[in-house]
1. Show the residues, 5+ positions off or on another chain, whose built amide H is closer than 5 Å to the amide H of E233.
2. What shape does region 289-361 have by the C-alpha gyration tensor, where a ≥ b ≥ c are the square roots of the eigenvalues, rounded means a/c under 1.5, and otherwise prolate means a/b greater than b/c and oblate the rest?
3. Label points 7 Å out from Cα along the Cβ direction at Q416 and Q360: separation in nm?
4. Please compare each pair in K281/K303; K245/K388; K325/K408; K71/K245 to a cut-off of 24 Å on the Cα-Cα distance and tell me which ones are over it.
5. Enumerate the whole-percent occupancy of each 10 Å bin, from 0 to the last occupied one, for all C-alpha pair distances of region 298-421.
6. Give me the distance in nm between label points sitting 7 Å out from Cα along the Cα-to-Cβ direction at S240 and A406, one decimal.
7. At 1.4 Å probe size, what's the solvent-accessible area of L131? Round to the nearest 10 Å².
8. Would you mind checking which residues have amide H under 5 Å from T339's amide H? H placed 1.01 Å from N; only 5 or more apart, or other chain.
Amino acid sequence: MKDDLLGTKDFIQDYSAELAQYISRFSPAGFDWFFLMIVKLAILLAVFFIVDILLKIIINSVFKFYRNEEKYPVIRSVYQSRITNSFAHLIALAIVAGIHPSIFVGALKKTSTFVERSADLGLVLIIAGMLYRALAAFRNYFAIKQDFYKVMAINAVSETVKILGIFIFSIVGICVIFGIKGTTIVGSLGAITAVLVLVFRDTILGFITGIHVATSRSLKVGDWIGIPKYSIEGNILDISLLTTKVMNFDKTISSIPTYDLLTTEIKNLQVMSESNTRRVKKSIFFNINSFKFLNEEDIARLKEINLISSYLEEKTSEINLEKGKIAHGDKIINGRQLTNIGVFRHYAQKYLENDPDVQQENPIMVRQLEITPQGLPLEIYCFANDSKWERFEQIQADIFDHLLVASKEFDLQVTQISIKI
């Protein structure tokens, strides 16, 4: 093997010497070295590109046999990241670096130094590209496995590595080009460390947020979220290092700083969407002046309402039994009494419990809230059994349409303006 290598080098050197003699015949006097340098550089570039293209064709052709993502997720993710191209670049560069001393021999030592530094710089760029493509391979692998939380973590890491890598590899590249020690440049950066921290503040916060969101599994791309701070509600399109994009339901796109995912209240509505339920939580305000005790005629009329007939029978029996045991039981104020607002509250509860569009496994409540100058709020709290926006609004509207009109049967007045009490 060593003899073969030595023979190859001797052949290249002989060919280089013949090429120098040939160019000297046709080049102007005193410029033969210039034309020789141009030709030899062109030869090196040609060798690099030919070897690189051939290697990429061969390697990628082999990887194409493993197209099945389910059987070969690792191979497929590596192929999609094009890290194989970086290996082809690396091998081609190694070949060029190996043959250039034999080509640039004799009077072109300075050119040889230039080629060496160019090769070293190329090596730095290839390694940087391999690192970034390796992260892309990890991202592709977890995307194939549909582990979107890890995909988001890899996105945060890759964006951070990309930004910091540009900074680090730029320093290394300068050191390689000018042949200076990296410690000289790094040492001079100590005085501006605080400035660099301020410059990369959003990058650092975005990186930390991406790791936190991925490990806590609180958010992922595609989730339906609400951000009260910005009045945003929609689906997450992308979570990058610096910005997070949300597509609102009106088809507009909002962008917020990624670190806001860590410092701002975020409502994740995806669980509600996946369970195909959506909460109804709205109130009807009633005029307190319309509240009253129910007399026998009112009770007899309301007993004709099927949902509350048995309830009224039971309650009137209990109340009459209690009134028979107290003094002045004929007075309506003495003892317990049925009220129109209380009976209506029970009616609304029964109506929701018998509504096929209301999810019966989740909490169903009709409750009174704190009295306001506009009246007494009666809150409807339940879950619709369809989370789709259009259908949910129809279900919610149907519930309140019915209850608003039904309240008239109980002699209740819905508040529309401020009332005086």
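1. I227, F249
2. Numbers: a/c = 2.53, a/b = 2.14, b/c = 1.18.
It comes out prolate by the Cα gyration axes.
3. Once both label points are built, they end up 3.7 nm from each other.
4. K281/K303; K325/K408; K71/K245, as the Cα separations exceed 24 Å there.
5. 11, 34, 33, 17, 4, 1
6. 5.2
7. Here the residue's solvent-accessible area equals roughly 80 Å².
8. Sorted by chain and number, the residues that satisfy this are L294.
The values are calculated or read from the model by the stated rules, or taken from the named source; none is laboratory data. No experiment lies behind these values; they were computed from the predicted model shown. Cβ atoms come from the backbone with ideal geometry, glycine included; neighbour counts cover every protein chain shown. What goes into the accessible areas is simple: the full protein's heavy atoms, side chains included, and nothing from ligands, DNA or RNA. Shrake-Rupley method; radii C 1.70, N 1.55, O 1.52, S 1.80 Å.
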